[in-house]
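See below for the structure under consideration.
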Amino acid sequence: MSDLLNQSVTAVKGIGAEMATGLADMNILTIKDLLEHFPYRYEDYRLRDLAEVKHEERVTVEGVVHGEPSLMYHGRKKSRLTVRILVDRYLIKVVFFNQPYLKQKIIVNETITVTGKWDQHRQTITGTSMTVGGYSKDKEFEPVYAVKGKVTVKVIRRLIQNGFTQYGHEIDEILPGELVQRYKLMQRRDALKVMHFPSGAEDVKQARRRFVYEEFLQFQLKMQALRKFEREQSPGILVNYELAKVKEFIEGLPFPLTNAQKRVVNEILADMKSAYRMNRLLQGDVGSGKTVVAAIALYSAITAGFQGALMVPTEILAEQHHESLTSLLSPLGVQCRLLTSSVKGKRRREILGELQDGTIDVLIGTHALIQDEVSFQRLGLVITDEQHRFGVEQRRVLREKGENPDVLFMTATPIPRTLAITVFGEMDVSIIDELPAGRKTIETYWAKHDMLDRVLSFMEKELVQGRQAYVICPLIEESEKLDYQNAVDVYNTLNVYFGSRYKVGLMHGRLSSAEKEEVMQEFTANQAQVLVSTTVVEVGVNVPNATFMLIYDAERFGLSQLHQLRGRVGRGSEQSYCILLADPKNEVGKERMKIMTDTNDGFVLSEKDLELRGPGDFFGKKQSGMPEFKVADMVHDYRALETARNDAAILVQSEAFWQSENYQSLRKYIQDSGVLSGEKLN
């Protein structure tokens, strides 16, 4: 791209110091920024047949005025102008609010063109704009821009027009010719022009297609280059595990591995034996057996003389992992220890000493593991569970506790493939996509609030048989804005309902860690039969005796979260149930309930969730690491994302990419992003 485009936006006619300040607020600093400030949608002024227009859709029609317009005022500045017009075979009403001056322009038997929102039931258009005379084809498609302050859509259109007139000829192609030809893409200059000055919908579609591919390719090149760079810069440790011992361990497990577990174990062991440092994400649905895979990986590292670490987000989870790993590994003489913030004083000093002198083989804990005083003798493998809950920085600190140890990230939140290859693009991804044999499907039902009595008597049937139940609520205390059941209310209701027959526990985010522990221990030991909780119970808690889950106001949760919650039951051999109590007000809410009752597959659900909610909501905006694309959309354009990723992987591995003139613009993009200098991705 020409250097002229990188000069200040003030070089464009009509942009003085004040205008430049307004544009800077919109992150438009250079001419390039201005030309690449794309419209976020287009106003479609094409004429439509009213028979095909949906209720509340925007529409443009041409019609003949059928009678005198009537103008009514209410209040000082408020007015309502009504006129009937004949559009083809329909006689419809058009209403303009607060545009009294239009009355003079409306003449009986003359043609007018109107744009506005169509009310199918009332056969009325609420008009936003009107022109006298027939429809004009030169204004079919108009771009609409995101603007701020004094910079209006009209102003930004004019400035972009000026920018093009002065500097349009400086826009160079940045994609190599072979890719442009292979995918029949528009040239960059033409595509930019069409985005801003479209002649129709098909044009915009082709221009958009060009920029979607370009954005994805650039992003994936950055990720693939980072991956290549990290691999070459940080040789891993060769973990020469003892295959015979590892096989013996697997054969001695109380249950056979599923095919998916076998495949994933092979991928992990191959990484550990390679000269590169493992950087792998292991995804597995709730109950798919990730802990066993982690145990096999840890044991393999130990047979080669290394130590292993497992970091999890909560103390409860750390204790559960410690328990299950100890039962699997201690018969083989493996020393497992637990380190959380609750471990203090002498016991803590003992553990730190044994860690340093190599007595401890596996250390399990919360982020207490990354404190300065924790040092390993020979750390070879780091596993983090529910890794999206740890920041990138926390993961890095743990990694640096050893000399480039292998790293395995685990998550029970099924992340759709499109998101996984985008957010975790520098990692390899393994998926456990089958459940162990004998696991019963959790039966899921959707009930409305007026069926609560029936739901509670269903719950009591389970409790009578000695089972336990979770009841999940979205909020802790009443909020004036939201009329949703809160945990405290529900707790009181159930206490009255069950009386002295069953003990009800209450868990929410306002309790201290010690109080949460106490409530959870009570439930785990079956001293409380019902646990009312907000979503703090979501991750990893294992109570096999719990067979019933009731989720209040289920429409308030995303699909992935509902699925995570549902996975708290169904952990024993008994049939389990999940009841979604919800009266969704909109179609998306109803669709969510339907999907939940139809499928138990977390990956199917996560894809649907992505479609319904969009990528930003999936992880929570703040810590998602989601890249910002101007044109591309990871959900709708996922095929282009896959294509771009494959192309980027091939390019980065080829010699031509790093040397040939054809790829200079793409190389410059990667260099400018700081990937190759070891700096953080921007």
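For the range 10-99, the extents of the C-alpha atoms along the principal axes are 53, 38, 23 Å, listed from largest to smallest. Between residue 121 and residue 259, the simple label model (points 7 Å from Cα in the Cβ direction) yields a spacing of 5.4 nm.
Have a look at 155, 216, 458 and report the one farthest towards the positive end of the charge dipole of the chain, computed about the Cα centre with Cβ charges (Lys/Arg +1, Asp/Glu -1). Highest projection toward the positive end goes to 155.
Note on residue 489 and residue 583: the model spin-label points, each 7 Å out from Cα along the C-beta direction, lie 1.1 nm apart.
Using Cβ point charges alone (K and R +1, D and E -1), the dipole size of the chain about the Cα centre works out to roughly 1580 debye. Calculated mean residue ellipticity at 222 nm for the chain: -11500 deg cm²/dmol, from DSSP H runs with n ≥ 4 weighted as -39500 (n - 2.57), summed, divided by the residue count and rounded to 500.
Net charge of the neighbourhood of residue 161, taken over other residues with C-beta under 14 Å away and scored Lys/Arg +1, Asp/Glu -1, is +4.
Cross-link reach is defined here as a Cα-Cα straight distance under 12 Å, omitting same-chain residues fewer than 8 places apart; for residue 594 the aspartates and glutamates meeting it are 555. Subtracting the Cα-Cα distance of residue 428 and residue 109 from their residue separation scaled by 0.36 nm leaves 107.9 nm. Backbone N atoms of the range 348-371 closer than 16 Å to the 7 Å Cα→Cβ label point of residue 242 belong to residues 361.
Using alpha carbons only, the radius of gyration of the chain set against its Kirkwood radius gives Rg/Rh = 1.04.
Among DSSP beta bridges whose residues both lie in the range 90-241, state the antiparallel percentage, nearest 5. Antiparallel: roughly 75 percent of the beta bridges in the range 90-241.
Taking a point 7 Å from the Cα of residue 205 along the Cα-to-Cβ direction, the residues of the range 36-77 with backbone N closer than 17 Å to it are 42-47. Reducing the range 271-349 and the range 634-676 to their Cα centroids gives an inter-centroid distance of 36 Å.
Each residue of the range 192-206 was assigned a 3J(HN,Hα) from its phi angle through the Karplus expression (A = 6.51, B = -1.76, C = 1.60, θ = phi - 60°), giving 4, 5, 5, 4, 8, 10, x, 9, x, 5, 5, 4, 4, 4, 5 Hz with x at Gly and Pro. Does the range 287-396 come out rounded, prolate or oblate, given a ≥ b ≥ c as the square roots of the eigenvalues of its C-alpha gyration tensor, rounded meaning a/c under 1.5 and, failing that, prolate meaning a/b above b/c? Since a/c stays below 1.5, the shape of the range 287-396 is classed as rounded. DSSP beta bridges confined to the chain are antiparallel in about 40 percent of cases. With the simple spin-label model, which puts each label point 7 Å out from Cα in the Cβ direction, the residue 372 to residue 231 separation comes to 3.7 nm. Once the Cβ-Cβ distance of residue 335 and residue 91 is raised to the sixth power relative to R0 = 56 Å, the FRET efficiency obtained is 0.05. The gain in end-to-end length when the residue 132 to residue 184 segment is fully stretched comes to 14.6 nm, 0.36 nm per residue minus the alpha carbon separation. Measure out, as a whole number of angstrom, how far apart the alpha-carbon centroids of the range 362-384 and the range 191-234 sit. A separation of 40 Å, based on Cα centres.
On the range 49-192, 50 percent of the accessible area sits on carbon and sulfur atoms, based on a 1.4 Å probe. In units of the compact-protein estimate 2.2 N^0.38 Å, the range 84-240 shows a Cα radius of gyration of 1.66. The protection proxy used here, the mean number of other Cβ atoms lying within 10 Å of each residue, ranks peptides 241-248, 214-221 as follows, highest first: 214-221, 241-248. The magnitude of the dipole of the range 137-287, with charges of +1 and -1 set on the Cβ of Lys/Arg and Asp/Glu and taken from the Cα centre, is near 480 debye. Using Cα atoms only, what is the angle between the long axis of helix 487-498 and the major principal axis of the chain, expressed in degrees (0 to 90) to the nearest 10? Around 60 degrees separate the two axes. Principal-axis analysis of the Cα atoms of the chain puts helix 259-273 at an angle of about 80° to the longest axis. Positive end of the dipole of the chain (Cβ unit charges, origin at the Cα centre): among 527, 363, 549, the Cα lying farthest that way belongs to 549.
Accessible area per residue for the chain is 48 Å², calculated with a 1.4 Å probe on protein heavy atoms, without ligands, DNA or RNA.
The values are calculated or read from the model by the stated rules, or taken from the named source; none is laboratory data. Quick caveat, the model's predicted, so the values are computed rather than measured. Methodologically, a virtual Cβ is constructed for each residue, glycine included, from the backbone with ideal geometry; neighbour enumeration extends over all protein chains shown. In case anyone asks, the SASA skips ligands and DNA or RNA and just uses the protein heavy atoms, side chains included. Shrake-Rupley method; radii C 1.70, N 1.55, O 1.52, S 1.80 Å.
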